[in-house]
Every structure is written in structure tokens, then in C-alpha cells.
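The structure appears below as C-alpha cells.
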Amino acid sequence: MDNRPIGVFDSGLGGLTAVRALDALLPYEDIVYFGDTARVPYGTRSREIILKYLRQDVAFLGSFGVKLLVVACGTASTAGLSALDGAYEFPLLGVVEPAVRAAAEASRNRKVGLIATPAAVASGAYEAALKARAPDIQVTAAACPLLVPLVENGRARRGDVVAETVCREYLRPLQDAGVDTLILGCTHYPLLSGVFRDIMGAHVLLIDAGEAVARAAAAHLRESAALSADTARGVRRYFVSDSPPGFAATAALLLGRPLDGPVEKADVESEKR
Ligand code: DGL
């Protein structure tokens, strides 16, 4: 048993989709969330900068004595989490392996689509993990630089003409490739699921990377006998580096419920990390 909190990180609010899944899977765990809302998006930045930010973000969450850190950010997960391996006394769990495992198990026609940020797609990390796990799978990837800003600005609903136009253009090559499984390789994207479903059709299975990493986190804690001994709902704390207007409303959409804890401001940049 281990009552220390789980840390969850994203460059913005997308990682709340992982918190939403953790709520259902591990309701008694305490969670500390950090969204780097002052520096989002990460997905159009270089690997070097993403890793520099990630080190600061991980150090911040590490200061809460976390037992596990969920990197609920496709972009940060693909920037080379292995570069940080062994640097902390808690494990870091990224979204790539859990999402790829779910896709490899689900795909019937062995044609898998990937949508993610430009940095995540350029890294080739999802494709490499898919190739290693299931060499028979053919991957079609599309970099989608406009989707994170759409979600962060609350423009992700079905019927939103901007969201639909942008998504239709990004998804066209994946439709042409005939994929039956689509990895949402960025944790912001589940909010656009309605739009994706309308475009791709109900027969295409959407893999939610946040949900996949939450399942992996639950399995990891169970296997290492590190679940909390509490039997009351865990405490949630939310930290952001900036509170943009409409923050609480967008956060509630991603969480699937109103925010249930204080939103505190964190300055991870000025602290020496
Ligand atoms: N949620 C992040 C991801 O999963 C968004 C990346 C960004 O900040 O561009 O990739």
C-alpha cells in the first residue's frame, strides 16, 4: 500500500482526459495535476525545448512526493522520455506504449491511423512502437498542428464549422488508407471525438491515449502493490502555469465533470530545476 499521490502532467488541459479515466479506475488515489498552460502548445516546438520544459514540469510534480508520474501528453512522451529514465525516484509512464498496445489489439484489418501534434508525428515514436509490437500493421500518420489550439479555445464540438473543416482535411489521408483504428496520439483530441466519428464513420475505433495510459497506471500500481489504502475519494489538486479565460469551463469538458479541487498557479520556470 502506498498513499502518496499520483502526478499527472500535460502541456495544457488535455491530460485531464487521463484524470477522468483515473477517476473511474482509481477513485481513492490522490492526484496532483500540472498543466503548463502558459507554454502550451508544445507540439510545434523542437525536441530540445520540449525536453527542457518536461524536466521542469517533472521536477515540479516530483516535489509533491509522487509515487508515479503519468506523462499524459503525447508530445512530451514522444520527445524521448527515455532521456529521463532513472533520473527520478518515481517511474514515468508515457502514453505511447499503452496507446499502441490498445491499437494493435483492436485493429482487424491491420491498418492503423495516427493523429498527433507535429512534434509527436515527426519523432516517429508511435510508428516505431507499433512496428516493434505488430510488424504487420500499416500506419498512416497525420500531424495536426491546429487541433490543440481548437480544444484549448473550446472549439471542439460537433457542428463547429471550423473544427469540422480542419478535421476533415487532416483525416482525409487516413480515410483514403482505409484505417479501422485511429490513435488519438494527443490527449487533447478526445474532446474532438464526436467530430472524428462523424468524419471517419462509426466503424473506426478511436483509441484515447489518456484513457490507455490511465489503464496502464492502474495496472502498474496494482502489480507493484502500490495502491492507496484509503477508502474515501482521493484529493485532487490542479496546478497550471497560467489561467486563461474560460479555463474552468474547458477543464470541466475534458474531465467530464466540474473541477473538484482548487486551481493553483505554479511558476515552474523561475524555480531552479
Ligand atoms: N496534450 C498534448 C499532447 O498530448 C498537447 C501537446 C501540445 O501542447 O501541443 O500531445
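A few points about this structure:
- Residues with amide H under 5 Å from that of THR37, placed H, sequence gap 5 or more: SER241, ASP242
- Pairs of alpha carbons in the range 154-273 whose separation is greater than 26 Å (percent): 41
- Computed [θ] at 222 nm, helices only, for the chain once each DSSP H run of length n ≥ 4 contributes -39500 (n - 2.57): -12000 deg cm²/dmol
- Put simply, the range 160-202 fits an ellipsoid with semi-axes of 15, 13, 9 Å; these come from the alpha carbon gyration tensor as the roots of five times its eigenvalues, largest first.
- Here is the list for the range 65-165: GluC sites (Glu not before Pro) lying in DSSP coil, each with at most 10 other C-beta atoms within 10 angstrom of its C-beta, are GLU89.
- Within a Gaussian network of the chain (alpha carbon springs, distance under 10 Å), most fluctuating of GLY210, GLY234, GLY159: GLY159
- FRET efficiency for SER63 and GLU105, using Cβ-Cβ distance with R0 set to 51 Å, rounded to 0.05: 0.90
- Under conditions of 25 °C and 0.890 mPa s, the range 99-210 yields 178 µm² s⁻¹ as its translational diffusion coefficient, taking Rh as the Kirkwood radius over Cα pairs in the Stokes-Einstein equation.
- Per residue value of the accessible surface for the chain (all protein chains in place, 1.4 Å probe), Å²: 41
- Rg and Dmax [Cα atoms of the chain; Å; Rg one decimal, Dmax integer]: 17.5, 50
- In whole angstrom, the range 14-125 maps to an equivalent ellipsoid with semi-axes of 23, 19, 13, each derived as √(5λ) from the alpha carbon gyration tensor and ordered largest first.
- Relative contact order, percent, the chain [alpha-carbon distance under 8 Å, six or more residues apart]: 29
- Modelled this way, with points 7 Å down the Cα-to-C-beta line, the labels at THR231 and ARG257 are 2.0 nm from one another.
- Here's the picture: charge each Lys and Arg Cβ at +1 and each Asp and Glu Cβ at -1 in the chain, and of GLY210, GLY94, GLY124 the one pushed furthest to the positive end of that dipole is GLY124.
- Relative contact order for the range 98-219: 35 percent, from Cα pairs under 8 Å spaced at least 6 residues apart, divided by residue count.
- Between the range 75-131 and the range 197-233, the alpha-carbon centres lie 15 Å apart.
- Each of LYS52, LYS265, LYS67 has its accessible area taken with a 1.4 Å probe; listed largest first, they run LYS265, LYS52, LYS67.
- Accessible area of the chain belonging to carbon and sulfur atoms, whole % at 1.4 Å probe: 52
- Normalised by 2.2 N^0.38 Å, where N is the number of residues, the alpha-carbon radius of gyration of the range 57-117 equals 1.34.
The values are calculated or read from the model by the stated rules, or taken from the named source; none is laboratory data. It should be emphasised that the depicted structure is a prediction, and the values quoted were computed from it without experimental measurement. Every residue, glycine among them, receives a Cβ derived from its backbone with ideal geometry; neighbour counts consider all protein chains shown. Keep in mind that these areas ignore ligands, DNA and RNA; they rest on the heavy atoms of the full protein, side chains included. Shrake-Rupley method; radii C 1.70, N 1.55, O 1.52, S 1.80 Å.
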